[in-house]
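The values are calculated or read from the model by the stated rules, or taken from the named source; none is laboratory data. Just so it is clear, the structure is predicted and the values come from calculations on it, not from any experiment. For neighbour counting, all protein chains shown are included, and Cβ atoms are generated from backbone atoms with ideal geometry for every residue, glycine included. Calculation scope for accessible area: heavy atoms of the full protein, side chains included, ligands and nucleic acids excluded. Shrake-Rupley method; radii C 1.70, N 1.55, O 1.52, S 1.80 Å.
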Amino acid sequence: MRLPGRVRYTVIMSTYDPKLIESKWQKRWLDENLFAASDQMPRKKMYVLDMFPYPSGDGLHVGHVKIYTASDIVARYLRMKGFNVLHPTGWDAFGLPTENTAIKKGIQPAVLTAQNITRFREQMQRMGFSYDWNREVNTTDPQYYKWTQWIFLQLFRMGLAYQATIPINWCPSCKTGLANEEVIDGKCERCGTPVEEKPMRQWMLRITKYADQLLEGLGGLDWPKFVLDLQHNWIGRSEGAEIIFTLDQAGKDLPVFTTRADTLFGATYVVLSPNHPVVGEITTPEQQDAVQAYLKEAQKQVQLNSESEKEKTGVFTGAYAINPANNKKVPIWVADYVLMSYGAGAIMAVPAHDVRDFEFATKYKLPVEQVIVPETAAGETHLPYVEEGILINSPGFDGLGGAEARKAVVRKLQLSKKAKVSVQYKLRDWVFSRQRYWGEPIPVIHCEKCGVVPVPEKDLPVELPAVDKYEPTGTGESPLAAIEEWVNVKCPTCPRIGRRETNTMPQWAGSSWYWLRYVSPNYTPAFADPAIMQKWLPVDIYVGGSEHAVLHLLYARFWQRVLHDANLVPHSEPFKRFRAVGLVIGEDGQKMSKSRGNVINPDEMADKVGVDALRIYEMFMGPFEASVAWNINGMKGSRRFLDRTWDLIVKHAPTAVDRKDQVEDEEVELLLHQTIRRVSESTENFKFNTAISSLMEFLNVLEKKPSLTMQTLQPFVLMLAPYAPHISEELWEQLGHTQSLAYEAWPAVNQKLLARATVTVPVQVNGRVRGELQFDPGISEEEVIKRARELPNVQKHLTGKALVKTVYVPDRLLNFVVK
RNA sequence: GCCGAGGUGGCGGAACUGGUUUACGCGCACGACUCAAAAUCGUGUGGUCGCAAGGCCGUGAGGGUUCGAGUCCCUCCCUCGGCACCA
């Protein structure tokens with residue numbers, strides 16, 4: 001029975017019982033569909049997104065809770081600030097761990113995924129996250145991956161998806177190819193197995209075409225600097241020149257790439273990568289055996305993935321090249337410190353001005369010719385000298401320096417077509433196919449006559465067939481290849497029978513556009529409703545792990561740009577503001593892992609202290625972006641804070657008066673407004689730890705007061721609400737409200753009151769604090785000095801000394817400088 | 001090696017554009033309640049000298065700028081994250 005107005009209808013519980021109130025409010029939020037976002041845009045929009053989870057069999061991790069609590073706090077705060085908030089979630093459910101578990105347990109991946117999702121959903125709902133559950137998406141749902149496939153076909157039509165047989169990173173344990181971004185230290189990102197190089201037919205996405213755009217786009221993003229740097233370095237743009245050496249005998253061109261054209265006269269030899277196509281044809285008969293032996297050795301080295309610190313090795317080909325700058329004949333060597341995959345696969349070696357070339361030249365007794373001297377220092381230069389400087393021994397260019405010299409050299413050679421400006425990137429095209437079962441089928445059909453034919457749009461999605469055996473074959477073929485009735489299909493453009501593509505997409509595909517799907521998750525004519533995209537996009541605040549700094553966050557930006565170029569989405573960048581979470585470390589200071597046995601389970605913690613205390617603790621334990629070790633006592637402290645909050649409100653609720661204009665206690669009122677200001681600013685800046693400490697300070701003062709008004713109790717509960725929503729809803733009800741506080745107005749700061757507040761100002765003598773003064777802001781300097789001189793301890797330090805200077809910062813500080 | 005972030009009590013961490021270092025929490029000590037313990041509440045808690053008032057020293061090390069430096073500048077040490085023969 002609920003009665004209106006100020007009559008209290010709940011029995012006030014004497015002690016805080018989290019379990020009881022958590023289930024009560026979670027049920028009510030869901031029943032009332034309280035957090036459904038309206039497409040009608042009654043108010044200004046905010047799209048608050050966190051990285052949707054991979055629903056693994058391990059269940060929710062305390063790291064998930066940290067990310068999702070943060071985005072939940074921001075979403076709840078913004079709702080109270082009057083924004084129309086879109087805060088959705090879903091499941092990034094394709095991928096290897098599920099497939100591997102499925103194989104081990106003998107369950108279909110789809111079935112296992114459904115189980116995991118159910119568990120994850122329950123766990124996430126238990127944490128009180130205010131998601132709009134009507135918008136849940138699932139990357140493994142055919143109605144979802146229909147559009148993942150559709151987007152792939154757009155990429156294909158735009159020439160951005162292509163097949164190539166190239167040596168790729170092959171993980172022998174996962175039995176699939178990997179993207180460059182998935183190889184860490186020469187090992188598989190997922191399982192740690194050293195990767196092998198294996199030439200295979202692959203689907204590739206031409207992300208390199210977007211290298212410059214992806215680089216420039218970083219400039220407008222409010223992202224952590226380290227993530228911007230990471231992407232910047234990963235793209236690895238470097239400006240230089242392609243310089244054409246000439247093969248001595250054949251007269252053929254041999255282009256090399258350099259960023260230091262100014263050192264061209266110091267090039268004393270040329271080095272080819274072992275994989276360079278001309279190696280075989282230029283090697284002289286005398287050197288044939290030595291070169292062949294070296295190539296074999298180098299091949300092995302790649303497979304061993306030897307440490308980068310290894311000593312440089314190489315072999316002379318017997319051939320020579322002509323340096324176009326001075327027509328000098330220089331020997332051509334082969335060495336594996338030159339990579340085929342970067343630049344021209346060949347370099348001009350300038351041992352005097354490059355550490356690697358110097359090391360190599362020293363070992364093989366190749367000539368070193370200095371052509372750069374430091375601008376300032378006189379005398380002998382220590383080689384290798386890699387800094388910029390003034391050119392010497394470079395006829396026609398002596399005396400020039402740095403960029404000017406580089407330009408001049410390139411310009412001169414350009415006249416005879418022996419050089420051109422060139423830009424190189426470290427970024428490689430994205431290896432987009434996987435030889436595994438549990439992924440989106442790549443929607444193309446191979447026809448003997450027609451070649452690669454895209455599956456017609458009306459036939460999408462190409463559904464994953466149910467299979468008995470989804471173990472990877474290890475042959476480079478996906479298990480799908482074994483299902484004849486699925487593979488063999490009529491060619492869409494001719495009467496022949498073609499074969500379906502049996503490779504699947506990588507785990508990253510579904511997450512490369514999911515934020516677009518949330519705006520209209522059930523829309524059937526397209527991947528998203530264009531009108532609604534205009535309303536919600538872009539994502540205003542994105543929260544997630546930094547482990548995706550170059551993977552997901554780069555792929556997502558790439559797809560967004562492609563779709564933008566095709567006029568399919570309104571913005572070129574998907575995520576305006578991104579905040580990266582810091583790891584939650586085990587109590588032993590080590591990364592949490594099952595094998596170490598230091599994993600903290602959020603459900604267990606919630607059982608112990610309640611969900612709200614868990615949320616408060618995870619936000620309070622340290623700065624959001626920092627890695628902090630778990631501390632069980634710290635979590636109990638968060639619970640203590642909520643216990644005391646509960647006691648305070650329950651104690652005052654029956655007697656608190658509602659005084660519209662004035663609070664009875666000046667100290668309380670001042671602190672209230674300071675707290676509102678601090679909590680608001682801290683929340684907006686992701687400084688959740690200091691927001692909570694401000695609330696704690698406020699509570700510490702309130703506890704000492706014999707009586708409090710509604711004008712104090714209500715804002716306190718409202719400010720706590722984004723952080724600890726269940727207890728806050730309950731206390732709000734006990735303060736006489738019948739509606740949820742989720743859409744109550746966030747308390748407003750009384751700026752005038754804060755400006756009028758008495759200030760406490762330290763008085764220093766020679767920079768050391770000797771006393772303090774309290775006064776109303778704005779009083780004159782003379783008055784402050786006069787009163788400061790009256791302080792006994794200040795007097796003591798002034799007597800017998802000559803006053804040199806007085807520094808007064810109004811309302812902040814007074815400093816007497818004496819001698 | 002290169003790029004980036006950071007070194008503040010016993011611990012996690014606060015500190016606005018240079019202005020009272022150590023807020024808040026944990027831990028610890030003592031006290032109250034209790035037969036006792038736990039829980040809870042109260043008081044204290046950087047080091048050092050002092051009965052006290054108060055003094056001196058303290059933000060990785062050393063130097064500098066300044067009336068005043070955790071914050072700015074230079075040199076160095078250490079930790080963490082990333083890249084790594086990218087020409």
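Annotations
- Each peptide among A:258-269, A:745-756, A:564-575 gets the average number of other Cβ atoms lying within 10 Å of its residues, and from highest to lowest they stand as A:258-269, A:564-575, A:745-756.
- Stretchable slack from A:V759 to A:D398, in nm (0.36 nm times residue separation minus alpha-carbon distance): 123.2 nm
- Net charge contributed by nearby residues that have their C-beta within less than 12 Å of A:G266 (K/R +1, D/E -1): -2
- Across region A:120-203 the C-alpha pair distances fall into 10 Å bins from zero in the proportions 15, 24, 30, 24, 7 percent.
- Cα gyration tensor shape for chain A, rounded if a/c is under 1.5, else prolate or oblate: oblate
- Each Cα pair under 8 Å and six or more residues apart adds its sequence gap; the mean of these over the residue count of region A:564-670 is a relative contact order of 24 percent.
- Per residue solvent-accessible surface (Å²) - chain A, probe of 1.4 Å: 44 Å²
- For A:D336, the residues whose modelled amide H falls within less than 5 Å of its own, excluding neighbours fewer than 5 places apart on the same chain, are A:T313.
- Sorted peptide list for A:417-424, A:70-77, criterion being average Cβ within 10 angstrom, highest first: A:70-77, A:417-424
- Shape category assigned to region A:627-731 from the gyration tensor of Cα positions, a/c cut at 1.5: prolate
- Checking the Cα-Cα distances for A:K146/A:K469; A:K187/A:K225; A:K252/A:K412; A:K19/A:K104; A:K469/A:K490 against a 28 Å cut-off, the pairs over it are A:K19/A:K104.
- The mean sequence separation of alpha-carbon pairs under 8 Å and at least six residues apart, normalised by the residue count of region A:540-622, gives a relative contact order of 25 percent.
- Shape call, region A:312-418: gyration tensor on alpha carbons, a/c limit 1.5: oblate
- Alpha-carbon Debye profile of region A:69-163, log10 I(q)/I(0) at 0.21, 0.24 Å⁻¹: -1.04, -1.15
- Backbone HN-Hα couplings from phi across region A:105-118 [Karplus 6.51/-1.76/1.60, Hz, Gly and Pro as x]: 8, x, 10, 5, x, 5, 5, 4, 4, 4, 4, 4, 5, 4
- Surface composition of region A:728-783: carbon and sulfur atoms hold 43% of the protein heavy-atom accessible area at a 1.4 Å probe.
- Chain lengthening between A:I779 and A:R206 when straightened (0.36 nm per residue, less Cα-Cα): 199.6 nm
- In degrees, nearest ten, helix A:632-652 long axis to first principal axis of chain A (Cα): 30 degrees
- Region A:611-685 - convex hull of the alpha-carbon atoms, volume per residue in Å³: 127 Å³
- Each residue of region A:150-164 was assigned a 3J(HN,Hα) from its phi angle through the Karplus expression (A = 6.51, B = -1.76, C = 1.60, θ = phi - 60°), giving 4, 5, 4, 5, 5, 4, 5, 5, 7, x, 9, 10, 8, 9, 8 Hz with x at Gly and Pro.
- Considering only alpha-carbon pairs that sit under 8 angstrom and 6 or more positions apart, the relative contact order computed for region A:207-279 is 19 percent.
- When only alpha carbons are used to place a centre, region A:25-70 and region A:137-153 end up 22 Å from one another.
- Summed over qualifying helices (DSSP H, 4 residues or more, each -39500 (n - 2.57)) and divided by its residue number, chain A shows a 222 nm mean residue ellipticity of -10500 deg cm²/dmol.
- In nm, spacing of pseudo-spin labels at A:L813 and A:Q534 (7 Å Cα→C-beta vector): 5.5 nm
- Test item: Cα-centred dipole of region A:674-819, Lys/Arg +1 and Asp/Glu -1 on Cβ, debye: 1160 debye
- Charges were assigned to the Cβ only: +1 to each Lys and Arg, -1 to each Asp and Glu. The resulting dipole of chain A about its Cα centre is roughly 860 debye.
- All Cα pairs of region A:515-624, percent lying beyond 17 Å: 68 percent
- Over all pairs of different C-alpha atoms, region A:718-819 has a mean inverse distance whose reciprocal, the Kirkwood radius, equals 17.1 Å.
- 13 Å beta-carbon shell around A:L153, net charge (K/R +1, D/E -1): -1
- Taking other residues whose beta carbon is less than 10 angstrom from the beta carbon of A:K418, and scoring Lys, Arg as +1 and Asp, Glu as -1, yields +1.
- At R0 = 30 Å, FRET efficiency that the Cβ-Cβ distance of A:K296 and A:D253 yields, to 0.05: 0.60
- Region A:1-131, accessible surface, carbon-and-sulfur percent (1.4 angstrom probe): 58 percent
- Each residue of region A:500-517 was assigned a 3J(HN,Hα) from its phi angle through the Karplus curve 6.51 cos²θ - 1.76 cosθ + 1.60 (θ = phi - 60°); the sequence is 5, 4, 9, 6, 10, 7, x, 3, 6, 4, x, 8, 7, 8, 4, 4, 6, 6 Hz, with glycine and proline shown as x.
- Excluding same-chain neighbours fewer than eight residues apart, the lysines reachable from A:K819 by a Cα-Cα span under 25 Å are A:K786, A:K796, A:K801, A:K805.
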